[in-house]
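Right, one structure below, let's go through it.
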Amino acid sequence: MRTLFLPHAEVVQRLDALSLLAPMREGFIAHSRGRTAPGLVQATSLPAGGIARVTGVGLVPDLPAYSVSSAATSSDGVEHATLLLHDLGTGKLLACLEAVHLRAIALALGIAIAADVLARPEASRVAVLGTSDGTLRFLKMLRLVRSLRQIRVLEPRPDRAEEVAGRAYRELSLPVRVSQDVEDAVQDAELVLVTAGAARLETVPEGCHVAVVDPALRDVVPAAGLLSPALRKRARVVVDDRSIAREAGWADAEIDAELGQVLSGPPVRSPTEVTVHATVGLPFQELLAAWQVFDSAREDPALPRLELTRRRTR
């Protein structure tokens, strides 16, 4: 069997985020019921100053494939990622995908799904605390579940702050302003995105929903440390996976539920409740995105294929 190779451009062209919302919701529910592979994300510092990450096996019910992926971020911030898609029955390698865009969309969709169930229906004002290459993707995925009308950006690097704000204005056609401090950024925010590099968030307005993106190296900046103890105690904290959340610094007593548990029950939210979603990105999310791309591409004869398996001899 010949292995399909899917470069970045093909992944971007074939990945349809909107159609992934429903299967990914079901994936989170399956994960909370123990029907996916355990969430495993390992990260380590590289000698040259970068970061390498490996995820465990991506597995979801009724999908005839599993995935394994790896990623690395160089010391100058350039990211590389690869996902291997295997046949569930035979283990044969179906496809090798360039996975930077795929990983970012999968993670951002998890944030959007959590916001859809945890944020107030009218939430539309967003504060972005700290930026990354995925910031615009996070905002675009949020637009799948909410009609955004205002964005504020807080970033300690002024040039970077202006760059992200400018791109957000051009690509999202929304009013965007760079804030000078946390208080200004979150003063009327209804949705807050917190990433590594942001100053610790002490408090938010009543009824606000906060998405915390787990940093790659938790021994440097544990995800829980991005929020003050008082805010963590005040909020209803929902995590992707309890065991990974503990590794990221969340105490058992702080965790209200896994996202899949919330999605499988009736919506319960008071207008003044503060909610927090601590996201890490789980292997099954990448698998669902990769399968969509592979399923769209596997009959295309123009795409590159190689024979990687050893031929049996008699």
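The values are calculated or read from the model by the stated rules, or taken from the named source; none is laboratory data. The structure presented is a predicted model; accordingly, all values stated were derived computationally and were not measured. Cβ sites come from the backbone with ideal geometry, for glycine too, and all protein chains shown count toward neighbours. Protein only, heavy atoms only, side chains kept; ligands, DNA and RNA dropped before computing areas. Shrake-Rupley method; radii C 1.70, N 1.55, O 1.52, S 1.80 Å.
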Original post:
Quick one, what does Rg over Rh come out to for the stretch 96-148 if you take C-alpha atoms and the Kirkwood Rh?
Top reply: 1.01
Original post:
Hey, how much of the P(r) for the stretch 2-153 falls beyond 20 Å, as a percent of Cα pairs?
Top reply: 57
Original post:
Cα extents of the stretch 187-314 along the three principal axes, largest first, in whole Å?
Top reply: 68, 34, 27
**OP:** Pick out which of Ser69, Ser132, Ser173 has the largest mean-square fluctuation in a Gaussian network model of the chain, springs linking Cα atoms closer than 10 Å.
**Re:** Ser173
**OP:** Would you mind calculating the relative contact order of the stretch 26-100 from Cα pairs under 8 angstrom and at least 6 residues apart, reporting the percent as a whole number?
**Re:** 21
Original post:
What's the extension gain from Ser19 to Glu206 if we count 0.36 nm per residue and subtract their Cα-Cα distance?
Top reply: 64.1 nm
Subject >> Efficiency of FRET from Cβ geometry, Ser124 and Asp256, R₀ 25 Å, rounded to 0.05 >> reply: 0.55
**OP:** Give, to the nearest whole percent, the P(r) tail of the stretch 119-167 beyond 16 angstrom, counting all Cα pairs.
**Re:** 37
Original post:
Rank Arg152, Arg160 by accessible area, highest first, at a 1.4 Å probe radius?
Top reply: Arg160, Arg152
Subject >> Choice from Leu174, Leu107, Leu129 with maximal GNM fluctuation in the chain (Cα, 10 Å cutoff) >> reply: Leu174
**OP:** Between Glu26, Glu155, Glu171, find the one with the highest GNM mean-square fluctuation for the chain; connect C-alpha pairs within less than 10 Å.
**Re:** Glu171
Original post:
In deg cm²/dmol and to the nearest 500, what is the mean residue ellipticity at 222 nm of the chain if only DSSP H runs of at least 4 residues count, each as -39500 (n - 2.57), divided by the residue total?
Top reply: -9500 deg cm²/dmol
Subject >> Value in Å of the Kirkwood radius, where the chain supplies the Cα pairs that are averaged >> reply: 20.1
**OP:** Report Rg(Cα)/(2.2 N^0.38 Å) for the stretch 1-79, keeping two decimals.
**Re:** 1.35
